[in-house]
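What follows is a short report on a single structure.
The values are calculated or read from the model by the stated rules, or taken from the named source; none is laboratory data. In this text the structure is predicted, and so the values were computed from the model without any measurement. Cβ: placed from backbone, ideal geometry, glycine included. Neighbour counts: every protein chain shown.
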Amino acid sequence: MRDRILRTAIALVPFVGLVGTIVMTVIDVLSPGGELGRDLLENSVLWMIGVQGWMTGCGHMFFGEPIAESIGWPSKTPWQWEVGLASLATGVLGVLASGFGDEFTLATIIAFSVFYLGAAVGHVREMVTRRNFKAGNAGPIFFFDVLVPVYLIVLYTVVT
């Protein structure tokens, strides 16, 4: 039962940032002083980098075995702790970004994009060389790794 719950949670993680962004942006835009572009950017960074970074970081660090299995990689190796810390680091930046201005937000998006686009390259390499099409390698997380950095870069460029 525990493994089934963890597998479901792992599959849903890429959608937490999207749902949080949408819900909070609607609330902010409907509030006095709401500004769609700015609210969308701040909520996207908070939820898609911040909240999701904390979730994936803690997941890799404390629930490594089922996550490694979902990716098709060996478990109980140091890579999970290191990936967890990198995710947690970008998560911390995402949570702090709105309080430090546009330059800090840009730096956060750059750090996040380098990490996640780099991870996407690793997933593609796994698909091509090892035919690894497990959900954690070629499923929603792969698309998150590619689409969200591009989306954030474009959104930042348009809003600022």
Return yes or no: is Val16 surrounded by 13 or more Cβ atoms within 10 Å (Cβ to Cβ), modelled with pLDDT of 95 or more and among the β-branched types (Val, Ile, Thr)? no
Qualifying positions in the range 20-44 - within 24 Å of Gly139 (Cβ to Cβ) and either buried (at least 16 other Cβ atoms within 10 Å of the Cβ) or touching a residue at least 24 places away in the same chain (Cβ under 8 Å) (or both): Gly20, Thr21, Ser44
